Amino acid sequence: MQLGHPHAIRLEGGGPAALSREEILAATVRMTPERLVVGELSGPFAAAVLAYLSRGYDSSLTLIHGTSVEDALHRLESLCLMADLGPRCGRWSPQGFSSSLSRSTCPT
C-alpha cells in the first residue's frame, strides 16, 4: 500500500522486532491518528480492528474479501467469532453481532 501524503506513517510487522498486527494497531491508536488505514482483515485480528474502529474514527479503511456485501459481512462475523473473546465480552454472540452490524452498516 502506498500512501502519498506527507503526514502518513506506515507501520509494518515482521523483521527482528516481530511485532504482531495487534501490537502495531495498539501502538498506532496511541499516536491519536485522525484516520486508520488497515490492510486485509483476517483471523481473530478482525475483532481487534473493529474494536478500535468503533472508537469514533471518522475516516477509516480496511479490506475484507467477499463475493457480495452479505458474504463479506458473514465473513467478518466469522472472523470476529474466531477471536474467542469468551465471557469477558458476551456481546460477540452470532445473533448480537449480526444485529449490531446491520444497525451500523445499513442505512435506515
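The values are calculated or read from the model by the stated rules, or taken from the named source; none is laboratory data. The structure displayed is predicted, hence computed values, not measured ones. Glycine gets a Cβ as well: all are built from the backbone with ideal geometry, and neighbour counts include every protein chain shown.
The table below gives the values:
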item	result
Where a residue in segment 24-36 is without any contact (Cβ under 8 Å) to a residue 40 or more places away in the chain and its partner, wherever it lies, is acidic (Asp, Glu), with Cβ under 8 Å and at least six apart	ILE24/GLU12; GLU34/ASP58; ARG35/ASP58
Inter-residue pairs, beta-carbon under 9 Å, first over 18 Å from GLY43 (Cα atoms) and in segment 53-65, second basic (Lys, Arg) and at pLDDT 80 or above, 6+ apart	TYR57/ARG35; ASP58/ARG35; SER59/ARG35; SER60/ARG35
Residue, farthest from ARG35 (Cα to Cα), within segment 57-77, restricted to residues that are in contact with a strand residue (DSSP E or B) (Cβ under 8 Å, 6 or more places away or on another chain) and exposed (fewer than 14 other Cβ atoms within 10 Å of the Cβ)	HIS65
Scope segment 4-32; condition in a helix (DSSP H, G or I) and among the small types (Gly, Ala, Ser); matching residues	ALA26, ALA27
Top-ranked residue in segment 44-56 [being closer than 18 Å to THR32 by Cβ and not hydrophobic (A, V, I, L, M, F, W, C); ranked as surrounded by the fewest Cβ atoms within 10 Å (Cβ to Cβ)]	GLY56
